[in-house]
Amino acid sequence: MKGLKVFAGLAGSVVAGTLAAQVVQVDPRIPEYVPTRQVAGNLNSVGSDTMNNLMTLWAEAFRKLHPGVRVQVEGKGSSTAPPALIAGTAQLGPMSRAMKDSEVDAIVAKYGFEPTEIASALDVLAVYVHQDNPLAALSLPEVDAIFSKTRRLGYGKDITTWGQLGLTGAWAGKRISLYGRNSASGTYGFFKEHALGGGDFKDQVKEQPGSASVVQGVSEDLYGIGYSGVGYKTSGVRALPLAKKLGDPAYEPNYENAITWKYPLARYLYIYVVQDPRKPMDPLVEEFLRFVLSQQGQEVVIKDGYLPLPFSVVEKELAKLRR
């Protein structure tokens, strides 16, 4: 099973200003959430660290409408979602990348059918530098040469100092400090595939346990650079404009550039569930997913610093709940 092609068919989304200014609105055609029934019980979510706060905010808002629901959220990395779904210890598997074929195959082997993939929000994966770093922009081949020892995107030499990126004066000879995620993270996997061409990270990358830790590390290290979801941006860092190729225009990590494919590190944030296509969906799971895909649920997405789905995508995702 393949993930949805990133940002296919996003016409009709409501875009106002830039992500940095947080002037992003939920598409008014997305329906308001109205409970179809009152639900109660325990709802467990295991998976993405990137989505940990987002899942928690959704859970808190959902519980106000369904007081009898108890939601437990555990976010240790996207790779923990499939095993939890297989073991039955979670009904929700949030992932900041699409499931790998091997993960889907393991679920099919257990249940006899593929998991249901729900796109729940949009994210822009940002490359951060310290707020005082004067670097204007980067291309993906340069990002690859900074973070990877294999340089599959074709940059001619290893990049280890800020001077190699054109910075002068006191910056020129300073070594670049690298911050990233651990291999359990979907952000790690997405960055490896899209920014490193599937290549290998350098051994010098300081692997952090969470997305916020990456941003904190860079904010405290004048010569640091790291990657994390844009929802974790703080005043201590800058998110660099990125170009797909050396010499191409570089684009800011904002909503408009994401949905037009100009910014190269944009992605869906998914929630996976194990749902037998021959049977109705568990009412508790269905109600929660309907809330996520509602006007109120997508307002939570903006509140947490991520990007709301356009109506065209919400329609497709809601149809998966009604099979």
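The values are calculated or read from the model by the stated rules, or taken from the named source; none is laboratory data. Since we're looking at a predicted model, the values are computed, not measured. Glycine gets a Cβ as well: all are built from the backbone with ideal geometry, and neighbour counts include every protein chain shown. All accessible areas refer to the heavy atoms of the entire protein, side chains included, with ligands and DNA or RNA removed. Shrake-Rupley method; radii C 1.70, N 1.55, O 1.52, S 1.80 Å.
Ignoring everything except DSSP H segments at least 4 long, calculate the 222 nm mean residue ellipticity for the chain; use -39,500 (n - 2.57) per segment, divide by total residues, nearest 500. The partial results should precede the final answer.
Values: 10 runs with 93 residues, N = 323.
My calculation for the chain gives -8000 deg cm²/dmol from helical runs alone.
Rg/Rh, computed from the Cα trace of the chain with Rh as the Kirkwood radius, has the value 0.98.
How large is log10 of I(q)/I(0) for the stretch 41-194 at q = 0.12, 0.17, 0.21 Å⁻¹ when the intensity is taken from the Debye formula with one equal scatterer per alpha-carbon? Reported log10 I(q)/I(0), two decimals: -0.67, -1.00, -1.28. In the context of the full set of protein chains, residues of the chain present 41 Å² of accessible surface per residue (probe radius 1.4 Å, heavy atoms only). Projecting the Cα atoms of Ser294, Ser102, Val69 onto the charge dipole of the chain, computed from C-beta unit charges around the Cα centre, puts Ser102 farthest toward the positive end. The alpha-carbon of Lys245 sits under 18 angstrom from the alpha-carbons of these aspartates and glutamates, leaving out residues fewer than 8 places away in its chain: Glu142, Asp144, Asp158, Glu193. The residue list Leu222, Leu265, Gly305 was ranked by how far each Cα lies along the charge dipole of the chain toward its positive end, using unit charges on Cβ atoms, and Leu265 comes out on top. Highest mean packing comes first when the peptides 65-71, 214-220 are listed by Cβ atoms within 10 Å, giving 214-220, 65-71. Taking 7 Å steps out from each Cα toward its Cβ at Arg70 and Thr161 produces label points 5.9 nm apart.
Rolled with a 1.4 Å probe across the full set of protein chains, the surface gives Arg175 an accessible area near 150 Å². Ranked from largest to smallest solvent-accessible area, with a 1.4 Å probe on the protein heavy atoms, Arg278, Arg181, Arg97 come out as Arg278, Arg97, Arg181. Each residue of the stretch 175-188 was assigned a 3J(HN,Hα) from its phi angle through the Karplus expression (A = 6.51, B = -1.76, C = 1.60, θ = phi - 60°), giving 6, 7, 8, 9, 10, x, 9, 8, 5, 6, 7, x, 5, 4 Hz with x at Gly and Pro. Pairs spanning more than 21 Å between alpha-carbon atoms, out of Lys244/Lys316; Lys279/Lys320; Lys157/Lys202; Lys233/Lys320; Lys149/Lys244: Lys244/Lys316; Lys233/Lys320.
Let's test the formula: R0 of 56 Å, r as the Cβ-Cβ distance of Lys206 and Arg278. What FRET efficiency results, to the nearest 0.05? Rounded to the nearest 0.05, the efficiency is 0.75. Computed from backbone phi with θ = phi - 60° and the Karplus coefficients 6.51, -1.76 and 1.60, the 3J(HN,Hα) list for the stretch 302-311 is 5, 4, 8, x, 9, 10, x, 6, x, 4 Hz; x is used for glycine and proline.
Applying both filters, DSSP loop and at most 15 other Cβ atoms within 10 Å, to the chymotrypsin sites (Phe, Trp or Tyr not before Pro) of the stretch 107-139 gives Phe113. If the segment from Gln38 to Lys110 were pulled out straight at 0.36 nm per residue, it would be longer than the present Cα-Cα gap by 22.8 nm.
Close amide H partners of Val71, meaning residues 5 or more places away or on another chain with modelled amide H under 5 Å apart, are Leu43. Restricting the count to DSSP beta bridges whose residues both fall in the stretch 110-233, what percent are antiparallel, rounded to a multiple of 5? Antiparallel bridges make up about 55 percent of those DSSP assigns within the stretch 110-233.
Round to a whole number: what % of the accessible area of the chain belongs to carbon and sulfur, probe 1.4 Å? Of the solvent-accessible surface of the chain, carbon and sulfur hold 51 percent.
Rolling a 1.4 Å probe across all protein chains gives Lys206 an accessible area of roughly 90 Å². For the stretch 132-146, backbone phi angles converted through the Karplus equation (6.51, -1.76, 1.60; θ = phi - 60°) give residue-by-residue couplings of 8, 6, x, 4, 7, 6, 9, 9, 4, x, 5, 4, 4, 5, 6 Hz, Gly and Pro being listed as x. Checking the cross-link filter: which lysines have an alpha carbon closer than 17 Å to that of Lys100, excluding same-chain neighbours under 8 positions apart? Once the sequence-local lysines are set aside, what remains near Lys100 is Lys2, Lys5, Lys110, Lys192. The share of alpha-carbon pairs in the stretch 191-323 lying farther apart than 20 Å comes to 60%. Taking amide H atoms as placed 1.01 Å from N in the peptide plane, the amide H of Arg181 lies under 5 Å from those of Gln208, each 5 or more residues away in sequence or on another chain. Taking Ser185, Ser213 and ordering them by how much accessible surface each has at a 1.4 Å probe, largest first, produces Ser213, Ser185.
Which value, in nm² and rounded to one decimal, describes the direction-averaged projected area of the C-alpha convex hull of the stretch 121-235? Walk me through the intermediate numbers first.
Values: hull surface 27.4 nm².
So the mean shadow area of the Cα hull is 6.8 nm².
Using Cβ point charges alone (K and R +1, D and E -1), the dipole size of the stretch 164-235 about the Cα centre works out to roughly 120 debye. Once the Cα gyration tensor of the stretch 266-323 is found, what semi-axes does its equivalent ellipsoid get, as square roots of 5 times the eigenvalues, in whole Å, sorted largest first? So the equivalent ellipsoid measures 22, 12, 10 Å along its semi-axes.
What is the dipole size for the chain, taken about its Cα centre, with +1 at each Lys and Arg Cβ and -1 at each Asp and Glu Cβ, in debye to the nearest 20?
On the way: 35 positive and 32 negative charges, 66 e Å.
Computed about the Cα centre, the dipole is about 320 debye.
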